[in-house]
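Worksheet for the structure shown next.
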């Protein structure tokens, strides 16, 4: 299997790209014929990797070789430590079931991925729109409940409130992009959330969206504002949930 040059590597910070290239080489040498492909997905595949972003990698394997995986343990741990790498290891014959079980996750991967080495793991596959709509609604409702809990438990410490805001931003943006995809529109997650928010009651939401971008960039919000933004984000998640119920898949 030959390592392919991919434009996505040029969009990553130099240190991340170098580490990733080394990992790809190690994975090929270690896994051999068991490895079908490795893909980069999420913000890294868009050239939007930030200090708070995970480096998401999908490894599709033809079979599980425990001894080979054990040899890849340290390279994976190094990527996790240095670059917040997160790994999704999936067998080729598990792909259809994974698409059915996690349609929102894979809709996002379909939309934001760059194949780094190997064959296309998604050839001939698609996400069922009915499963996707149901999962989107569940995700928005879950985020609403989690954000309310975070407001009660974390709002007395503003750094914890900011962390909760940052952690919720990515999933909400991704589901907003999934929601627009069901409506026949294709936007990047950040832009998708802004577009839908502009149409939701309870706005304007621009100040909240600006705050989310700030915490995602690792910036500190003005004193006294994080708790209010956290409660406000719970309201936005609730409005997104209600909007998702109106979409026909």
Would a scan of segment 89-104 turn up a residue that is in contact with a strand residue (DSSP E or B) (Cβ under 9 Å, 6 or more places away or on another chain) and either surrounded by 20 or more Cβ atoms within 10 Å (Cβ to Cβ) or assigned by TED's automatic domain parsing to the domain that holds residue 182 (or both)? no
In segment 54-91, the residues that are within 21 Å of the chain's Cα centre (by Cα) and assigned to a helix (DSSP H, G or I): 76, 77, 78, 79, 80, 81, 82, 83
Scan segment 183-197 for residues that are over 11 Å from residue 112 (Cβ atoms) and part of a helix (DSSP H, G or I) and report the count. 8
Being touching a residue at least 40 places away in the same chain (Cβ under 8 Å) and closer than 23 Å to residue 174 by Cα is true for just one of 27, 8. Which residue is that? 8
Going through segment 72-85 one residue at a time, which ones are exposed (fewer than 14 other Cβ atoms within 10 Å of the Cβ) and touching a helix residue (DSSP H, G or I) at 6+ places or on another chain (Cβ under 8 Å)? 82
Over 25 Å from residue 134 (Cα atoms) and either in contact with a strand residue (DSSP E or B) (Cβ under 8 Å, 6 or more places away or on another chain) or assigned to a helix (DSSP H, G or I) (or both), is that true of residue 211? yes
In segment 232-246, which residues are in contact (Cβ under 8 Å) with a residue 60 or more places away in the chain and either on the phi > 0 side of the Ramachandran plot or surrounded by 16 or more Cβ atoms within 10 Å (Cβ to Cβ) (or both)? 233, 234, 236, 237, 238, 240, 241, 243, 244
Every listed condition ((1) farther than 15 Å from residue 245 by Cα; (2) at pLDDT below 95) holds for residue 182 save (1)
Please specify each residue of segment 123-151 satisfying the condition of being buried (at least 19 other Cβ atoms within 10 Å of the Cβ) and in a loop (DSSP other than H, G, I, E, B). 127
Complete set of residues in segment 194-212 that are free of Cβ contacts under 8 Å to residues at least 12 places away in the same chain and buried (at least 20 other Cβ atoms within 10 Å of the Cβ): none
Restricting to segment 220-231, name every residue that is closer than 15 Å to residue 143 by Cβ and crowded, with 19+ Cβ neighbours inside 10 Å. 229, 230
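The values are calculated or read from the model by the stated rules, or taken from the named source; none is laboratory data. Quick caveat, the model's predicted, so the values are computed rather than measured. Counting neighbours? That spans all protein chains shown, and the Cβs are built from the backbone with ideal geometry, glycine included.
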